[in-house]
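To keep things clear, I will list the structure first and then write my remarks on it.
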Amino acid sequence: MNIVKSTRLFEQWLAQHTNVVKKDLRLKHANMKLSAFRFLRGTYYRWAQLWPELCTNESRVPRVLAVGDLHIDNFGTWRDVEGRLIWGINDFDEAYPLPYTNDLIRLAVSAHLASDAGHLSLKKNDICDAILEGYLQTMQQGGLPFVLEEQNEWLREIALTDLRDPVRFWKKMEALPTASRDVPVSAIDAMEHLFPAPNLKYRIARRVAGLGSLGHPRYVALAKWNGHWIAREAKALVPSSCHWAGDHHAPAEILYQSILSRAVRCPDPFVQLRGQWIVRRLSPHCSRIELTSLEVHGSETRLLNSMGRETANVHLGTRSAAKDILRHAKRQRRTWLHEATQTMLRRISTDWKVWKKDGYE
């Protein structure tokens with residue numbers, strides 16, 4: 001089955017689970033042609049279908065409740081209950097019980113593609129070494145969230161870019177088009193639940209964001225509270241693409257809240273799963289950060305090491321993960337992550353070439 005047929009079958013499955021926004025799907029198809037990195041971000045369903053076959057040894061290892069669709073643009077910041085700025089993994093749409101190697105390989109693949117596109121200045125071998133070193137060190141230490149306060153100053157400086165300026169952020173939010181179709185009552189209830197006060201007047205807008213979830217309904221409620229803007233977003237979720245790919249180790253349920261509650265992290269109190277909707281607060285400092293917006297020159301190795309550490313923070317939410325993973329890791333070749341990454345990069349390159357030629361317009 002090639003990538004075109006795989007995409008067609010997956011989107012038929014997706015339409016059985018949510019009201020697909022066809023206009024957004026067409027945008028996703030076009031974006032997937034622009035670069036191999038965008039293609040990777042938009043095709044986790046294909047990864048779930050292929051990687052267990054291509055990385056056979058790496059798929060027969062201890063399982064954890066994993067991120068699934070992990071990549072270098074799946075990180076962001078939020079405020080915890082103490083108002084502290086936290087950095088970490090931002091999206092768990094594809095959370096699923098998987099071999100722990102899945103997240104590491106996919107993260108490394110995304111870093112290689114970003115490097116090829118000129119967004120990271122790193123030697124190819126250093127990418128895997130930085131990720132794996134951070135991951136295993138944190139596994140040994142038991143995990144520690146990234147609080148960007150009196151520590152992690154270097155990361156705070158990277159994260160707080162001009163693109164996250166409040167004036168620019170809220171102008172962008174105000175420019176969102178008002179939702180023209182009936183908004184599901186369940187989405188409205190979910191967003192209202194996170195408002196700071198009852199009976200606020202608000203406008204519901206349609207938002208196009210991300211890449212992997214393009215095609216899922218996504219709404220933003222914009223309101224003024226005490227004279228200034230606030231925003232709440234609701235995005236429709238479906239079970240992980242791993243179910244479509246044929247992996248049935250877990251029931252077909254959405255595991256977003258489960259992975260949040262188990263991970264070693266300072267959670268965002270405004271991220272909640274309500275029915276089929278994942279709801280969150282949007283603000284200049286509570287959003288995903290794309291690598292292209294970061295000033296990372298000179299800190300690339302440190303940033304990838306931190307991404308490996310944060311991946312371990314999430315995997316440590318699985319009981320006995322550290323013991324099982326560290327025991328397994330000691331028996332592996334030092335180059336296993338690099339070799340698996342190269343295997344997946346070759347297949348992604350092949351699929352992307354097919355998609356550029358024969359994919360949907």
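The values are calculated or read from the model by the stated rules, or taken from the named source; none is laboratory data. As the structure is a prediction and not an experimental result, all values here were calculated from the model. We place every Cβ from the backbone using ideal geometry, glycine too, and count neighbours over all the protein chains shown. When the accessible area is computed, the model is the full protein with side chains, heavy atoms only, and any ligands, DNA or RNA have been set aside. Shrake-Rupley method; radii C 1.70, N 1.55, O 1.52, S 1.80 Å.
Which residues, taken from the stretch 119-128, are open to solvent by 20 Å² or more (accessible area, probe 1.4 Å) and not in a loop (DSSP other than H, G, I, E, B)?
LYS124, ASN125, ASP126 - these are the residues of the stretch 119-128 that are open to solvent by 20 Å² or more (accessible area, probe 1.4 Å) and not in a loop (DSSP other than H, G, I, E, B).
So THR343 clears everything in (1) surrounded by 21 or more Cβ atoms within 10 Å (Cβ to Cβ); (2) among the β-branched types (Val, Ile, Thr); (3) modelled with pLDDT of 90 or more except one condition, right? Which one?
Here THR343 meets the rest and fails (1).
Residue-by-condition table, conditions (1) part of a helix (DSSP H, G or I); (2) closer than 21 Å to LEU282 by Cα; (3) under 21 Å from the mean Cα position of the chain (by Cα):
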{"residue": "ALA130", "(1), (2), (3)": "yes, no, yes"}
{"residue": "GLY134", "(1), (2), (3)": "yes, no, yes"}
{"residue": "THR138", "(1), (2), (3)": "yes, no, yes"}
{"residue": "GLY143", "(1), (2), (3)": "no, no, yes"}
{"residue": "GLN151", "(1), (2), (3)": "no, no, no"}
{"residue": "TRP154", "(1), (2), (3)": "yes, no, no"}
{"residue": "ILE158", "(1), (2), (3)": "yes, yes, yes"}
{"residue": "ARG168", "(1), (2), (3)": "yes, yes, no"}
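Would you pick out the residues in the stretch 141-167 that are of a type outside the set (A, V, I, L, M) and exposed (fewer than 12 other Cβ atoms within 10 Å of the Cβ)?
Within the stretch 141-167, GLY142, GLU150, GLN151, GLU153, ASP162 qualify.
Consider ALA205 carefully, then state whether it is in contact (Cβ under 8 Å) with a residue 24 or more places away in the chain, over 30 Å from THR7 (Cβ atoms) and not in a loop (DSSP other than H, G, I, E, B).
No: the conditions fail for ALA205.
Filter the stretch 297-340 for residues that are of a type in the set (Val, Ile, Thr) and either more than 30 Å from GLU157 (Cα to Cα) or free of Cβ contacts under 8 Å to residues at least 24 places away in the same chain (or both); which is least open to solvent (accessible area, probe 1.4 Å)?
Out of the qualifying residues, it is ILE325.
Go through the stretch 1-13 residue by residue and tally those that are out of contact with any Asp or Glu (no Cβ under 8 Å at 6 or more places or on another chain), part of a helix (DSSP H, G or I) and either touching a residue at least 12 places away in the same chain (Cβ under 8 Å) or among the hydrophobic types (A, V, I, L, M, F, W, C) (or both).
Matching residues across the stretch 1-13 total 6.
LEU132 versus (1) open to solvent by less than 10 Å² (accessible area, probe 1.4 Å); (2) at pLDDT 95 or above; (3) among the hydrophobic types (A, V, I, L, M, F, W, C): which is the lone unmet condition?
Result: LEU132 fails condition (1) only.
One residue is enough: does the stretch 190-200 have a residue meeting the conditions hydrophobic (A, V, I, L, M, F, W, C) and under 16 Å from ARG309 (Cα atoms)?
Looking for residues that are hydrophobic (A, V, I, L, M, F, W, C) and under 16 Å from ARG309 (Cα atoms), one finds none in the stretch 190-200, hence no.
Considering (1) modelled with pLDDT of 95 or more; (2) under 24 Å from THR318 (Cβ atoms), say which one TRP51 fails and leave the rest.
(1)
Any idea which residue in the stretch 203-213 is nearest to ALA48 (Cα to Cα), counting only those that are among the aliphatic types (A, V, I, L, M) and surrounded by 17 or more Cβ atoms within 10 Å (Cβ to Cβ)?
It comes out as LEU211.
Please give the strands (runs of 3 or more DSSP E) falling wholly within the stretch 14-118 in which 3 or more residues are farther than 20 Å from LEU144 by Cα and open to solvent by less than 10 Å² (accessible area, probe 1.4 Å).
Ranges flagged: 96-99.
Just to be sure before I move on: is LEU222 within 22 Å of ILE72 (Cβ to Cβ), open to solvent by less than 10 Å² (accessible area, probe 1.4 Å) and either aliphatic (A, V, I, L, M) or in a loop (DSSP other than H, G, I, E, B) (or both) in the structure I sent?
no
Please go through the stretch 175-202 and give me each residue that is exposed (fewer than 12 other Cβ atoms within 10 Å of the Cβ), assigned to a helix (DSSP H, G or I) and under 25 Å from the mean Cα position of the chain (by Cα), ordered by number.
Those that are exposed (fewer than 12 other Cβ atoms within 10 Å of the Cβ), assigned to a helix (DSSP H, G or I) and under 25 Å from the mean Cα position of the chain (by Cα): none in the stretch 175-202.
Of all residues in the stretch 257-289, count the ones that are under 16 Å from the mean Cα position of the chain (by Cα) and outside any strand (DSSP E or B).
9
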